[in-house]
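Here's the structure we're looking at; comments come further down.
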Amino acid sequence: MMKTDLKSMTREELTEFVLAHNFPKFRAAQIADWLKKGVVSADEMKNLPADLRGLIQNSCYISVATIEKKFVSRYDKTVKYLFAFADGEYVEAVVMRYRHGTSICVSTQVGCKMGCAFCATGKSGFSRSLTASEILAQIEAAQKDLQERISHIVLMGMGEPLDNFENVVRFIQLVSSEDSLHIGTRHITLSTCGIVPKIYELAQYRFQINLAVSLHAPNDEIRARTMPVAKVYPMDILLKACRDYFDQTGRRVTFEYAMISGVNDSDDCAQELAQRLSGMNCHVNLIPVNSVEGTGYRKSKIERQQSFVHILAEKGIAATVRRTLGSDINASCGQLRRNQMKKEDK
Ligand code: SAH
Ligand code: SF4
């Protein structure tokens, strides 16, 4: 029998579950309370009758993310985790401290199908999507380990969130609810490589989350060199979806732009990008690309970064170069799992 994923259930579903087995409604609230406390087994749910505990034990499971490895940056206390799930799959998550709070970057899939050429996750292939509770479990495990409240979430770890749409939507609903960590949607950022139909679908939920779109190029020709998805959803169509997203939700879209030396960092690229984005309510996040073994890509020189920001600013496009945190621990995602896979191959 397939067991039910207890921690992915909403309060309504928990209520349906207890009522369907002839237990009173208030038992759902008790279960939700225990899940919020981070129990890993029904045995720990002390105020439930033995038959309900037994039912949960036999028909449900509770997701946990186990810390397999942990690295702490000497420079800025950034923490990187390699988590293992029950089936032996690994994902990565990174905790970063900012002035506005503590932020965690979590994974939404084990690997990724999108195959971006500069990305360590893309290079290691795809294994499976995570459930809502597995995305949540990464945050709970980090909070417990660090004994610190996490205030912000970025869905920017391994995987493409919009390729795991239902679970990611469920995760956003769960994590922002009082039954769970109660992290406001304005403190959640979802990053996508640009799966256009799913951007429209996401807009329908009217979440107040921040949408980040990985652009990484000013046109389709350059974009397609590193991002296969550009051949499926051209930039015109993608930018139209971003405009619609803003109209529907009132949330300004952020564009991620990994600056790769000699590929997308010329002044012409900056000019063209400014033209494409003109009139949009948006922000451009420039990220010096992290070099990943086997890609041959190098980060742009400081002078290129500054020139790019300057050109965008002149044309009225707000842009900043993102501070690199955890540079000594390979804080960008995908590299740890890749190394772990290589080790286990041996
Ligand atoms: N799949 C989603 C979210 C996960 S990747 C997406 O692509 O947006 C999170 C961010 O890291 C994306 O902007 C991605 O393009 C970027 N990224 C991946 N590899 C990188 C690298 N080597 N250097 C800099 N940014 C990288
Ligand atoms: Fe997947 Fe994002 Fe990496 Fe591209 S950058 S391969 S979409 S995780």
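The values are calculated or read from the model by the stated rules, or taken from the named source; none is laboratory data. Since we're looking at a predicted model, the values are computed, not measured. No Cβ is skipped: glycine too gets one built from the backbone with ideal geometry, and neighbour counts run over all protein chains shown.
If I ask for residues that are buried (at least 17 other Cβ atoms within 10 Å of the Cβ) and modelled with pLDDT under 95, which ones from region 158-179 would you list?
Asp179
Could you tell me how many of the residues in region 92-127 are in a strand (DSSP E or B) and either under 26 Å from Ile150 (Cα atoms) or outside the structural domain of Ile139 (by TED's automatic domain parsing) (or both)?
The total comes to 15.
Okay, residues lined up against (1) surrounded by fewer than 24 Cβ atoms within 10 Å (Cβ to Cβ); (2) more than 27 Å from Asp328 (Cβ to Cβ); (3) within 16 Å of ligand 1 (Cβ to nearest atom); (4) touching a residue at least 40 places away in the same chain (Cβ under 8 Å):
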| residue | (1), (2), (3), (4) |
| --- | --- |
| Met96 | yes, no, yes, yes |
| Arg99 | yes, no, no, no |
| Thr102 | yes, no, no, yes |
| Val106 | no, no, yes, yes |
| Gln109 | no, no, yes, yes |
| Cys116 | yes, no, yes, yes |
| Thr121 | no, no, yes, yes |
| Phe126 | yes, yes, yes, no |
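Strands (runs of 3 or more DSSP E) wholly in region 134-222 with at least 1 residues that are without any contact (Cβ under 8 Å) to a residue 40 or more places away in the chain - which ones?
Values: elements: 152-155, 188-192, 210-214.
Where strands (runs of 3 or more DSSP E) fall fully within region 134-222 and carry at least 1 residues being without any contact (Cβ under 8 Å) to a residue 40 or more places away in the chain, they are 188-192.
Could you go through region 75-89 and let me know if any residue there is crowded, with 18+ Cβ neighbours inside 10 Å, within 13 Å of ligand 2 (Cβ to nearest atom) and not hydrophobic (A, V, I, L, M, F, W, C).
So far as region 75-89 goes, no, none of its residues is crowded, with 18+ Cβ neighbours inside 10 Å, within 13 Å of ligand 2 (Cβ to nearest atom) and not hydrophobic (A, V, I, L, M, F, W, C).
Could you please tell me which pairs satisfy a Cβ distance under 8 Å, a separation of 6+ or placement on different chains, a first residue in region 53-65 that is touching a residue at least 24 places away in the same chain (Cβ under 8 Å), and a second residue that is part of a helix (DSSP H, G or I) and charged (D, E, K, R)?
Ile62/Lys7; Ser63/Lys7; Ser63/Glu134; Ala65/Glu134; Ala65/Glu140
Within region 129-157, how many residues turn out to be away from ligand 2 (no atom under 14 Å from the Cβ) and either acidic (Asp, Glu) or closer than 15 Å to Glu92 by Cβ (or both)?
Filtering region 129-157 down to residues away from ligand 2 (no atom under 14 Å from the Cβ) leaves 131-153.
Filter again for either acidic (Asp, Glu) or closer than 15 Å to Glu92 by Cβ (or both), leaving 134-135, 137-142, 145, 148, 153.
Of the residues in region 129-157, 11 are away from ligand 2 (no atom under 14 Å from the Cβ) and either acidic (Asp, Glu) or closer than 15 Å to Glu92 by Cβ (or both).
State whether the residues of region 208-222 include one that is in contact with a Gly (Cβ under 9 Å, 6 or more places away or on another chain) and more than 16 Å from ligand 2 (Cβ to nearest atom).
Let us first name the residues in region 208-222 that are in contact with a Gly (Cβ under 9 Å, 6 or more places away or on another chain), namely 208, 213-215.
Okay, now just the ones that are also more than 16 Å from ligand 2 (Cβ to nearest atom), so 208.
For region 208-222, residues in contact with a Gly (Cβ under 9 Å, 6 or more places away or on another chain) and more than 16 Å from ligand 2 (Cβ to nearest atom): present.
Looking at Glu178, Glu160, which one is away from ligand 2 (no atom under 16 Å from the Cβ), on the phi < 0 side of the Ramachandran plot and of a type outside the set (Val, Ile, Thr)? Break it down stepwise before answering.
Details: Glu160 fails: away from ligand 2 (no atom under 16 Å from the Cβ).
After ruling out the rest, the residue left standing is Glu178.
Which residue pairs have Cβ atoms closer than 9 Å, lie 6 or more positions apart in sequence or on different chains, and pair a first residue in region 1-17 that is more than 17 Å from Lys37 (Cα to Cα) and assigned by TED's automatic domain parsing to the domain that holds Leu35 with a second residue that is in a loop (DSSP other than H, G, I, E, B) and basic (Lys, Arg)?
Note: pairs meeting the criteria are Thr15/Lys25.
Given the conditions (1) part of a strand (DSSP E or B); (2) more than 16 Å from ligand 1 (Cβ to nearest atom); (3) of a type in the set (D, E, K, R), which single one is not true for Asp87?
(1)
Right, Asp236: surrounded by fewer than 20 Cβ atoms within 10 Å (Cβ to Cβ) and either under 30 Å from Ser177 (Cβ atoms) or in contact with a helix residue (DSSP H, G or I) (Cβ under 7 Å, 6 or more places away or on another chain) (or both) or not?
no
Read through the list (1) touching a Phe, Trp or Tyr at 6+ places or on another chain (Cβ under 6 Å); (2) buried (at least 19 other Cβ atoms within 10 Å of the Cβ), then give the number of the only condition that Tyr257 fails.
It is condition (1) that Tyr257 fails.
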